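Everything on this sheet refers to the single structure shown next.
The values are calculated or read from the model by the stated rules, or taken from the named source; none is laboratory data. Since the structure is predicted, the reported quantities are computational estimates derived from the model, not experimental observations. Note that we place each Cβ from the backbone using ideal geometry, even for glycine, and neighbour counts take in every protein chain shown. What goes into the accessible areas is simple: the full protein's heavy atoms, side chains included, and nothing from ligands, DNA or RNA. Shrake-Rupley method; radii C 1.70, N 1.55, O 1.52, S 1.80 Å.
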Amino acid sequence: MQHDEVIWQVIRHKHCSYMAKIETGIFCRNQYNVTGICNRSSCPLANSRYATIRDHDGVFYLYMKTIERAHMPKNLWERVKLPVNYEMALEMIDKHLLYWPKLLQHKVKQRLTKMTQMRIRMRKLALKTREVIIPRPRRQIKRELRREDKAKIAAQLDKAIENELMERLKTGIYPTDIYNISDRAFNKILNKEIELNQEVEEEEEEEGVVEYVEGDDELEAEEEEDMEDFSGLPSKESYLEGDDHDSDDEENDDAEEQVVIHKRRAFKKSDDNGKAKKKSRVVVEVEQEDGDTRRSLKSLKL
């Protein structure tokens, strides 16, 4: 049979594992203590009828202990979940602790108030962003700097070895089969050589490709002007018909006119490739009987 006064005398004056004595007072570390102070009315071990509030992941529960369940440690505490609303939680405490001592009811409500305020402050602090200062020891900083220097030196050495291998491979020092060298570096160098050869072959293939380019506008304009000038002259048939009529007039007027068409070819200066371009010209001359004077009508380019 449980006797509360005997338990309290043993805990208070002999030994209690939950007791914490400091300069300001004597406190209790038991998780079921409603006030956290070690005294007769607040000790959960020395009171067979006791109530408190505990927090489980932000949810408040009302714990109650009665003398009827003292012989069953498994079912010693009765737990009731409290609502999030503060006023509804107070109503539920009044309902379950209706015939309990008024002092215990007041302590339970006071604990609920303090825990509700603490939960509100925790939510506000969680929303704020804080700067976290992480100390770094000097030894760790020096160790990282030494590692960085070693990594740079190793990278430069690998690059120098790679360049030396490439030069020796180009000069043909190594045979076709190399055994005492890393396969990765050797394959990398070979891939670079293959890429260079492919680029050179593509450039050579592009050299023999035939392309069609638009001509100069100035040359086309000159040819059109020449054709217009040539169309303004009389045709060959008109010259022949004119000769027949002139022969009749020559008998009467004692004058003859002959139309002689000379074709002259003018050679242009050779281009850079040594190819000469030829252009033919037509010169129209009119000869009279005396043969002393000649008139050149116009020189045409063909």
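General observations
- Annotation: for a label point projected 7 angstrom from Cα along Cα→Cβ of HIS56, residues of region 103-121 with backbone N closer than 19 Å are 112, 115-116, 119.
- Burial ranking of peptide ranges 2-10, 38-46 (average Cβ count within 10 Å, highest at the top): 38-46, 2-10
- Segment GLU202-VAL10, extension gain: residue separation times 0.36 nm, minus the distance between their alpha carbons: 59.1 nm
- For region 54-71, backbone phi angles converted through the Karplus equation (6.51, -1.76, 1.60; θ = phi - 60°) give residue-by-residue couplings of 10, 10, 10, 6, x, 10, 8, 10, 9, 9, 9, 10, 10, 5, 5, 9, 5, 7 Hz, Gly and Pro being listed as x.
- Distance (nanometres) between label positions extended 7 Å along Cα→Cβ at ARG146 and MET166: 3.4
- In the structure shown, the pairs LYS74/LYS102; LYS81/LYS107; LYS152/LYS188; LYS95/LYS124; LYS65/LYS109 are assessed against 26 Å; a Cα-Cα span above that value is assigned to LYS74/LYS102; LYS95/LYS124.
- Heavy-atom accessible area per residue - region 1-119, 1.4 Å, Å²: 65
- Our summary gives region 1-140 a relative contact order of 15 percent, counting only alpha carbon pairs under 8 angstrom and 6 or more residues apart.
- Calculated from backbone phi, Karplus (6.51, -1.76, 1.60) coupling profile of region 159-165 in Hz, x at Gly/Pro: 5, 5, 5, 5, 5, 5, 5
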